[in-house]
Amino acid sequence: MKSWQLYAFLLPAVLYFTIFHYIPMYGVQIGFKDYIATLGITDSPWVGFEHFTRFYNSYYFWRLIKNTFAISFYQLALFPLPILFALSLNELKNGAFKKWMQTLTYAPHFISVVVVVGMLIAFLDPISGLVNNVIVKLGGEAIPFLTSPGWFRHIYVWSGEWQSLGWGTIIYLAALAGVNPELHESASIDGATRVQKIWYINIPSIMPAIVVLFILNIGKFMSIGFEKVLLMQNALNSETSDIIQTFVYQTGIIGGEYDFSAAIGLFDSVINLILLIIVNYFARRVSENSLW
C-alpha cells in the first residue's frame, strides 16, 4: 500500500469515533425498553414508543422545546460574528496589534466552563458584583441578573460568544490567507475600495467554509451543552433555563430513569439529524458547497 502513512494518521480518529461514538449506539435501544438493570439491555422487555409518548404528553414538553429552540436560535443569530471578526482582523495592517488581538480573543476559549460561570457570578452579583456596582454608581438599581428568567438567555449566549469568538475565527482566517493577492492587486488597479474588495473577493473566497460550518452548526442545533446551563441554573430562572439536555441529566443520572432519558436524548439527536439533512439539501441546491 503506497499511502499507508496517511491511513496510519487516520487510524486514531477512526478508533476514537468507533469506540466512543458508534459502539455506544448499541445502548440506544433502551429508549424502547423498560430497562431493568438486573436483566440487562438485551433481556429487558420492549415497550415500543411508550417513553416518547410519555415525554410528548408531559406538562414540561413544550417548555423544554421552547427554551431549547430559543437559545439555539439566539446562538445561530450570532453565527456571522466570527466571520465579521475574521474579515476585520484580515484588514489590519499593524502586524503586532493583529497578533495581540488574536491572542486576546483566543484566550477565553481555554477557560473552563466552571471558571467562566464563577466569573459571571462574581461580576453579576447584585451586592458585590462589579457590573451592579457600576450601575448603582451611575444612579441605577442593582439587577439580579442570575436569578431573573429574562436575563438568563442573554447572559448564557453572550458569555459563550465571548469565549468562542476568537477560536471561531481561525478557520475563516486560514481561508482568507489562501486568497490570491493578485485579485486584490487587480481590484486596486480598477479603483475598488476596501469594502468592495471584502464584498467581491474575500467573502466569495471563504463562502465554502461559511456554508460547511453553518451546516455543522445546524447539525448540533438542539445540542446545547448542559454543563454551563446546569451551573447557571437555579429555582428562580428555571422558567427559561430548563432545556432538554438538563432534563436528560436530571431524569437519567439523578432520577435513575435510564430508559426514559435515553428516549429523550434520542429524540433530540433525531431532530438534529433531520435539520442537518434538510439544510445540507438546500445548500447543495443553491450553491456548490455541502457536506455531501
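The values are calculated or read from the model by the stated rules, or taken from the named source; none is laboratory data. Every value quoted in this text rests on a predicted model; they were computed, and no experiment measured them. Please note: Cβ atoms are built from the backbone with ideal geometry, for glycine as well, and neighbour counts cover all protein chains shown. The accessibility values were calculated without ligands, DNA or RNA, using every heavy atom of the protein model including side chains. Shrake-Rupley method; radii C 1.70, N 1.55, O 1.52, S 1.80 Å.
Tallying residues that are out of contact with any Phe, Trp or Tyr (no Cβ under 6 Å at 6 or more places or on another chain) and more than 16 Å from Val229 (Cα to Cα) within segment 112-133 yields 8.
Restricting segment 260-282 to residues that are open to solvent by less than 40 Å² (accessible area, probe 1.4 Å) and within 17 Å of the chain's Cα centre (by Cα), the residue that is farthest from Phe52 (Cα to Cα) is Val279. The set of residues in segment 131-162 being surrounded by fewer than 12 Cβ atoms within 10 Å (Cβ to Cβ), assigned to a helix (DSSP H, G or I) and over 28 Å from the mean Cα position of the chain (by Cα) consists of Val134, Lys137.
Only one of the numbered conditions (1) among the β-branched types (Val, Ile, Thr); (2) at pLDDT 90 or above; (3) within 24 Å of Ile121 (Cα to Cα) is violated by Ile201, and that is (3). A Cβ distance below 8 Å, combined with a sequence gap of six or more or placement on separate chains, defines the contacts here; from segment 1-30, residues that are on the phi > 0 side of the Ramachandran plot reach no residue that is in a helix (DSSP H, G or I) and open to solvent by less than 100 Å² (accessible area, probe 1.4 Å).
Might you check whether a residue that is part of a helix (DSSP H, G or I), surrounded by fewer than 16 Cβ atoms within 10 Å (Cβ to Cβ) and polar (S, T, N, Q) occurs anywhere in segment 168-181? No - not one qualifying residue is present in segment 168-181. Candidates in segment 186-202 are the residues that are open to solvent by less than 40 Å² (accessible area, probe 1.4 Å) and part of a helix (DSSP H, G or I); of these, the one that is nearest to Ala174 (Cα to Cα) is Asn202. Scanning segment 20-38 for residues that are open to solvent by less than 80 Å² (accessible area, probe 1.4 Å) and not small (Gly, Ala, Ser) yields Pro24, Val28, Gln29, Ile30, Phe32, Lys33, Asp34, Tyr35, Ile36.
Of the residues making up segment 241-251, at least one is modelled with pLDDT of 90 or more, buried (at least 17 other Cβ atoms within 10 Å of the Cβ) and more than 21 Å from the chain's Cα centre (by Cα).
Restricting the search to helices (runs of 4 or more DSSP H) fully inside segment 207-291 and requiring at least 2 residues that are without any contact (Cβ under 8 Å) to a residue 60 or more places away in the chain and out of contact with any Lys or Arg (no Cβ under 6 Å at 6 or more places or on another chain) gives 226-232, 244-249, 258-286. Against the conditions (1) open to solvent by less than 70 Å² (accessible area, probe 1.4 Å); (2) closer than 27 Å to Leu84 by Cβ; (3) over 19 Å from the mean Cα position of the chain (by Cα), Gly255 satisfies every one except (2).
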